[in-house]
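Right, one structure below, let's go through it.
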Amino acid sequence: MIDTQIQDLIAGEQQRQRDGLELIPSENYVSRDVLNALGSVLTNKYSEGYPGRRYYGGQEFTDQIEQLAIDRAKLLFGADHANVQSHSGAPANEAVYSAWLEPGDTVLAMDLSHGGHLTHGAAVTRSAQLYNFVRYKMKDIETGEIDYDELRTLALEHKPKIILAGFSAYPRELDYERFAAIGNEVGALLMADMAHIAGLIAGGVAKNPLDYGFHVITTTTHKTLRGPRGGTILSRGVVGNPLKAPEKTLANIPTLIDRAVFPGMQGGPHMHVIAAKAVAFEEALRPEFKEYAAQIVKNATALAAAMQEKGFHLITGGTSNHLILADVYRSFGINGKEVEIALDKIGLTLNANSTPDDLLPRFTPSGIRLGTPAITTRGLREEHMPLIADWMKRAVDVRTDETALSRLREEVKLFVQEFPLPSDQ
Ligand code: DSN
């Protein structure tokens, strides 16, 4: 590389990834094949439209690549249709809103501090200016059970056009049948944002909302699914010609979504990313991905138990998926940002996170959020989880002592050398 400034910074990030343990639950380490597709000449190509229906010439190979990505995504999630052009999770959610809603329509979605996502109607988003978001919550944060009675009452009162299940900070499984029964009662489109758990669904260790009557699922491809940074929208319905506007019916959802993505929101698809998605979908179809997904959950369960032994108070009392939320303010009287900073110094990366109805400010909230997808990719197993919980607690205890933190950092660095990144293997 001639641009040594950028080369050195990339090398620095690579070394940071090697020397630490990535505990942010939405991150992962991709394979060398995914990286190769991302760094390919496909980045040079414009391909507006969809396979077989493009506005530019020279699509002999790109058509085949996008069709492979579509076919593999459909197979992986048992969907009738896949749109693999969505640039990421936030635009995927916006595309579904714009495919189905008129301005002013209502969406019933999970409250942000109870685990929902910014794009599920936070006031700062563009969607919240266009549509009316009503929020449901957990009934009991000690168990994580959603208040389904409240959800039904809200649905009957507000008649939402979309009921949205899904989250970015919720450690339990949802009862999709309850959602579907309520959605069908009020005639709402059932949408699940499964960005966090897509890999668990693909690996057969989490329920697939499409099996329970949901119409649409949105996802990112870079979290548990272990692909490139990007989005995908899966749906049930009849796949029509995306160049012609269909009637707004549930059956036409696939075509409505395709039109909402292009030409509704996006221009040329990022074909190098679509190729990398195809690679990741193929990897996720392999039998060993099932073992990977199961190990993510085993590791999270073991880490949650080990953290509880060290005095961390866990929201919902534990985890059923890849993700753990701890109330460190309640546990140790310090905010999540202080813990995030102390752990960063020893090479454990996670993020401060609001707890349900948190009284502390969003930037210095009461909680931390962590998970096991990336460390599982690296080869860590249940027996290593007590070590991580121990480092976490020791870093909290010595958080103002830079020398003690440096010693812990050396311990972490030595340990991780046994677990190379997939791109180094
Ligand atoms: N930023 C992602 C996460 O960390 O959950 C969601 O968009």
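The values are calculated or read from the model by the stated rules, or taken from the named source; none is laboratory data. For clarity, every value in this text was computed on a predicted model and none was experimentally measured. Cβ sites come from the backbone with ideal geometry, for glycine too, and all protein chains shown count toward neighbours. Heads up: the accessible areas ignore ligands, DNA and RNA and are worked out on the full protein's heavy atoms, side chains in. Shrake-Rupley method; radii C 1.70, N 1.55, O 1.52, S 1.80 Å.
Within the chain, DSSP assigns beta bridges of which about 55% are antiparallel (rounded to the nearest 5).
Here the simple spin-label model places points 7 Å from the Cα toward Cβ, and for PHE415 and GLN15 these points are separated by 2.2 nm. Once the 1.4 Å probe is applied to the protein heavy atoms, the chain comes out at 41 Å² accessible per residue. State to the nearest 20 debye the size of the charge dipole of the stretch 28-80 about its Cα centre, where the only charges are +1 on K and R beta carbons and -1 on D and E beta carbons. That gives a dipole near 80 debye. Once both labels are positioned 7 Å from their Cα atoms along Cα-to-Cβ, the gap between THR43 and THR143 label points is 5.1 nm.
Between LEU360 and GLU291, the FRET efficiency estimated from the beta carbon spacing at R0 = 30 angstrom works out to 0.15. Only one residue of PHE289, HIS222, TYR212 has its Cα farthest out toward the positive end of the dipole of the stretch 178-302, where Lys and Arg carry +1 and Asp and Glu -1 on Cβ, and that residue is HIS222.
Bridgeable aspartates and glutamates around LYS248 (alpha carbons under 18 Å apart, same-chain partners fewer than 8 residues away excluded): ASP80, GLU94, GLU102, ASP105, ASP258. In the chain, helical runs assigned H by DSSP with n ≥ 4 each contribute -39500 (n - 2.57); averaged across all residues and rounded to the nearest 500, the mean residue ellipticity at 222 nm is -13000 deg cm²/dmol. When the Cα positions of ALA276, PRO242, ILE163 are compared along the charge dipole of the chain, PRO242 comes out farthest toward the positive end, with charges on each C-beta of Lys, Arg, Asp and Glu. When each of the peptides 378-386, 412-420 is scored by the mean number of other C-beta atoms lying within 10 Å of its residues, the order from highest to lowest reads 378-386, 412-420. Ordering 178-190, 362-374 by mean Cβ neighbour count within 10 Å, with the highest value first, yields 362-374, 178-190. Only Cα pairs under 8 Å and 6+ residues apart enter the sum, and on that basis the relative contact order of the chain stands at 23 percent.
Within the straight-line cut-off of under 21 Å between alpha carbons, the lysines reachable from LYS337 are LYS310, LYS345, LYS393, sequence neighbours fewer than 8 places apart in one chain being disregarded.
Label-to-label distance for ASP33 and ASP424 is 2.3 nm, based on points extended 7 Å past Cα in the beta-carbon direction. Backbone phi angles across the stretch 14-19, fed through the Karplus curve with coefficients 6.51, -1.76 and 1.60 (θ = phi - 60°), yield HN-Hα couplings of 4, 5, 4, 5, 5, 7 Hz in residue order; Gly and Pro are listed as x.
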